[in-house]
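Written below as structure tokens is the structure these notes are about.
Read-outs: derived from the displayed coordinates by stated rules, not from any lab. Since we're looking at a predicted model, the values are computed, not measured. FYI the Cβ positions are ideal-geometry reconstructions off the backbone, even for glycines, and counts take in every protein chain you see.
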Amino acid sequence: MPNLESIYEKLKSILNKDNRYSIYAYQFVFEALSFTAKSLGKDSNSPRDEDRHIAGQQLLVGIQKYALQQYGYMTYVVFSLWGVKKDIDFGEIVFNLVENGLMGKTETDSREDFRGICDFKTVFDDDFKFENKFNIVMECDSAGKVKIK
């Protein structure tokens with residue numbers, strides 16, 4: 001396992017080569033990976049790949065769940081601020097980490113594993129529902145007047 005200084009240097013190198021995404025997006029991917037591994041019962045210390053491996057689609061589902069837990073209704077905005085606009089952006093982030101020795105992959109893993117899994121606007125904005133009795137729904141009429149439903 002690389003030490004923190006080594007990880008930081010590798011992250012700086014990634015950001016110098018590819019500045020599309022905030023360093024916070026990379027930190028979030030590490031946290032979401034840990035969250036996903038735990039929720040799937042994966043053993044990160046196992047010598048067997050199948051005991052440790054998390055597929056791209058599984059990670060993306062974990063990213064969605066972890067993001068909603070951490071940021072709730074603001075997830076879509078937070079991701080946008082980090083430069084993450086589509087699901088494939090997480091594939092780019094993961095493979096930037098893989099290519100710099102900060103994550104592993106199997107022969108069958110690819111960036112494309114992250115494409116077309118979910119539409120962030122739909123999942124984190126349009127379909128978002130608060131989980132309590134104060135779920136206020138508003139809409140604008142053609143004149144721009146806001147009304148509460």
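Laid out as a table, the results:
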item: Relative intensity, log₁₀ I(q)/I(0), of region 7-68 from a Debye sum that treats every alpha carbon as a point, q = 0.13, 0.18, 0.21 Å⁻¹; result: -0.42, -0.73, -0.88
item: Net charge contributed by nearby residues that have their C-beta within less than 15 Å of residue 118 (K/R +1, D/E -1); result: -3
item: Cα-based helix-to-principal-axis angle, 23-40 vs the chain, degrees rounded to 10; result: 80 degrees
item: Convex hull per residue volume in Å³, alpha carbons only, for the chain; result: 135 Å³
item: Helix 56-71 axis, angle to the chain major axis (alpha carbon atoms, nearest 10°); result: 50 degrees
item: Local electrostatic count at residue 80 - Lys and Arg +1, Asp and Glu -1, tallied over other residues with Cβ under 15 Å; result: -1
item: Euclidean distance of C-alpha centroids, region 54-113 and region 1-41, integer Å; result: 10 Å
item: Selected from 6, 104, 68, residue furthest toward positive end of dipole (region 4-148; charges at beta carbon); result: 68
item: Within-13-Å neighbourhood charge of residue 100 [Cβ basis; K, R +1; D, E -1]; result: 0
